[in-house]
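What follows is one structure encoded as structure tokens, with my remarks underneath.
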Amino acid sequence: MVDPVNSKSNQVTGITKPHTTVTVKDEVETNLGEAPVDEAGYFEVEIPVQAAGTKLKVIVSDKTGKVLDEVVVEVIEAPEIDVTVLKKLIDHAKTYEKRTIRMHPLPTYKMRLAMRKKWQRMRKHKKK
């Protein structure tokens, strides 16, 4: 299984048979990249960025070079990102981060400080 590749991708990823090799070629059989498959079956092949509509051939071969599988993937157009929506998401994440950081440590710190002062007072009182 090969994950979708868009016009801004610089790698081809997916899952196949473990301990094999994945090779990516373009329409004219130019070798764009090659990578081993890990023990879980995942692979990542670094490739140059391709134009939308380009057909890539993903070839899985064993250690002897025998082709086990071959898949053709078409490069899709990368989605446009709305900058205003992205800024809102970042601002929301920053606000959430500030809230969680300020809400939790401060009361805990104050409680520990109060307990420490109480313990010190009790200790002084015992010594007298």
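Put simply, of Thr100, Thr95, Thr84, Thr54 the only residue that is of a type in the set (Val, Ile, Thr), more than 21 Å from Asn6 (Cβ to Cβ) and at pLDDT 70 or above is Thr84. Reported count of residues in segment 45-70, each being surrounded by 15 or more Cβ atoms within 10 Å (Cβ to Cβ) and assigned to a strand (DSSP E or B), is 7. Restricting attention to segment 10-35, the residues being more than 21 Å from the chain's Cα centre (by Cα), assigned to a strand (DSSP E or B) and surrounded by 16 or more Cβ atoms within 10 Å (Cβ to Cβ) number 5.
The values are calculated or read from the model by the stated rules, or taken from the named source; none is laboratory data. Nothing here was measured: the structure is a model prediction, and the numbers come from that model. FYI the Cβ positions are ideal-geometry reconstructions off the backbone, even for glycines, and counts take in every protein chain you see.
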